[in-house]
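Here is the structure we will look at, set down as structure tokens.
Nothing in this text is a laboratory measurement; each read-out follows from the coordinates by a stated rule. In this text the structure is predicted, and so the values were computed from the model without any measurement. Note that we place each Cβ from the backbone using ideal geometry, even for glycine, and neighbour counts take in every protein chain shown.
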Amino acid sequence: MTLAPERTTSTDSTATGPLPSTENPNMPAPGTVNSRLSVTSAEPRPQRPEFKKSGRPNPAAHLTPEQIEEIGHELDAIRAEVMESRGASDAAYIRKVIKTQRYLEMGSRAALLFSGVKYKGVRPFWWIGTAGLGVSKILENMEIGHNVMHGQWDWMRDPKIHSTAWEWDNASPSSQWKHSHNEIHHTFTNVLGRDNDLGYGILRVDEDQKWTLFYLFQPIWHVANAAIFEYSIAAYDLELGGYLAKRKRLSDEDKAEFRKNAQEVVAKIKRQATRDYVLHPALAAATFTGSTRHTLTANIVANLIRNVWTNTVIICGHFPPDIETFEKTSIEGETRGEWYLRQMLGSGNIHGSKAMHVMTGNLSHQIEHHLFPDMPSNRYAKIAPKIRDLMERHDLHYVTGSLPKQVASVYWKVVELSLPPKREGTTRRATILRAAKRAIKGKGGQGRRY
């Protein structure tokens with residue numbers, strides 16, 4: 001049996017919450033966004049090998065199939081306990097966050113109307129407005145948009161806070177993001193060749209990814225990617241790279257579908273650019289104390305703050321050392337317990353203050369999020385000790401660290417893995433020179449693997 005995502009149905013009230021209310025029968029059932037695995041093995045799975053095909057140790061080799069399924073049952077129980085207890089306090093939490101974000105954005109944009117005012121050589125309204133706008137964009141993208149579109153709040157039956165209706169302040173249209181993120185990444189987490197989030201197609205972030213000359217320059221575009229992250233994600237969700245690589249082989253229908261999706265992305269970017277870079281700077285110019293130029297730069301900096309922060313949080317949850325990757329063949333016939341195991345081993349956390357957790361969209365609890373992507377984000381901190389205890393009892397590494405530690409480890413990893421692996425009888429420099437010569441001669445050095 002091949003692994004396949006299966007959407008939950010509205011008849012499973014434990015997994016998805018209450019059934020649709022008679023007051024709004026057309027509202028989609030909760031839990032219909034996140035692909036949930038409900039597969040089980042008809043026959044016991046064999047014991048996991050001690051080593052992967054690459055020769056690296058298998059961190060779950062010591063677990064028997066029965067132990068893995070027992071882990072799955074324990075995680076199912078944790079999930080059920082939380083999902084059945086969702087209520088007024090959870091709803092109040094997300095409504096408070098949304099209200100705070102909207103007031104913060106309005107206040108920040110109001111402050112920027114006076115961005116031209118100078119006091120003792122400083123423009124205080126520019127600094128206040130820029131900082132506030134940057135924080136509001138982070139809140140909207142992380143704790144609100146990302147989590148709403150995961151279906152975490154669908155159970156509330158509020159059409160304004162529903163995964164099918166939310167459109168976020170980001171270059172990528174929500175429908176395209178939900179497909180690439182919810183349906184593909186969260187199903188095939190860290191599976192080489194199946195999960196495109198593993199380096200986003202431009203980074204080598206694991207030793208089991210084959211090296212090519214292309215990766216030699218990844219430290220440069222890793223930093224550049226952080227600055228324009230929302231646009232990189234839009235291109236990624238659009239599958240722009242894949243389209244350009246195989247467009248000559250695509251059917252007319254596939255090309256038409258790509259053009260349709262591309263038009264959606266362009267339209268979304270135009271709306272955002274008009275609001276941030278035309279409308280609000282023009283409003284500032286209409287005030288005698290405002291400044292088109294200063295309001296424009298404030299919006300640019302606020303978007304830059306959001307992009308860099310979002311990129312930082314995501315790389316810390318997916319790319320630090322000790323986070324595992326998996327081969328395609330290893331997920332054939334995968335049980336629910338094994339899917340849970342893969343989520344735990346393929347994610348990493350950031351420890352910090354409550355404010356930091358909110359600013360990360362609670363993706364600082366990336367392990368818990370990958371286990372239960374449609375669980376309300378405010379519950380992750382409460383279940384984290386249980387998840388850590390479960391993993392430690394089964395001798396599984398619970399990857400976590402401070403934000404500076406996780407960021408530094410990822411950046412070092414990006415630099416280290418930009419170089420070819422060490423081989424007996426040759427040097428890294430020799431490998432790079434051979435690849436460069438082949439590229440210059442037009443013999444496919446860019447795509448050759450080492």
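The percentage of C-alpha pairs in region 193-339 whose separation is greater than 19 Å is 68%. Mean projected area of the convex hull spanned by the Cα atoms of the chain, taken over all viewing directions: 25.9 nm².
Across region 214-357, the relative contact order, built from alpha-carbon pairs under 8 Å that are at least six residues apart, equals 23 percent.
With the radius of gyration and the Kirkwood radius both derived from the Cα set of region 191-241, what is their ratio Rg to Rh? Mind showing how you got there, number by number?
Numbers: Rg = 11.1 Å, Rh = 11.7 Å.
Rounded to two decimals, Rg/Rh equals 0.95.
With Cα atoms as the point set, the radius of gyration and Dmax of region 274-408 evaluate to 20.3, 67 Å. Normalised by the number of residues in the chain, the average gap of Cα pairs under 8 Å and 6 or more apart makes the relative contact order 22 percent. Each of MET156, ILE71, GLY201 was scored by the projection of its Cα onto the charge dipole of the chain, and the greatest displacement toward the positive side belongs to GLY201; charges sit on the C-beta of Lys, Arg, Asp and Glu.
Legend: translational diffusion of region 128-271 by Stokes-Einstein, Rh = Kirkwood radius over C-alpha pairs, 25 °C, 0.890 mPa s; D = 144 µm²/s. Between the listed residues ALA111, ASN141, THR427, the Cα displaced farthest toward the positive end of the dipole of the chain, a dipole computed from Cβ unit charges relative to the Cα centre, is found at THR427. Each Lys and Arg contributes +1 and each Asp and Glu -1, all at the Cβ; summed about the Cα centre of the chain, the dipole is approximately 2560 debye.
Centre-to-centre, using Cα atoms only, region 117-133 and region 387-408 are separated by 40 Å. Binning the alpha carbon pair distances of region 87-163 at 10 angstrom intervals from zero yields the distribution 19, 39, 22, 14, 5, 0, expressed in whole percent.
Computed over the chain, the per-residue total of -39500 (n - 2.57) for DSSP H runs of n ≥ 4 gives a 222 nm mean residue ellipticity of -15000 deg cm²/dmol, rounded to 500. Per q in 0.14, 0.18, 0.25 1/Å, what log10 I(q)/I(0) does a Debye calculation on the alpha-carbon atoms of region 337-383 return? Evaluating at q = 0.14, 0.18, 0.25 Å⁻¹ gives log10 I(q)/I(0) of -0.30, -0.49, -0.86. Largest first, the extents of the alpha carbon coordinates of region 144-222 on the three principal axes equal 50, 24, 15 Å.
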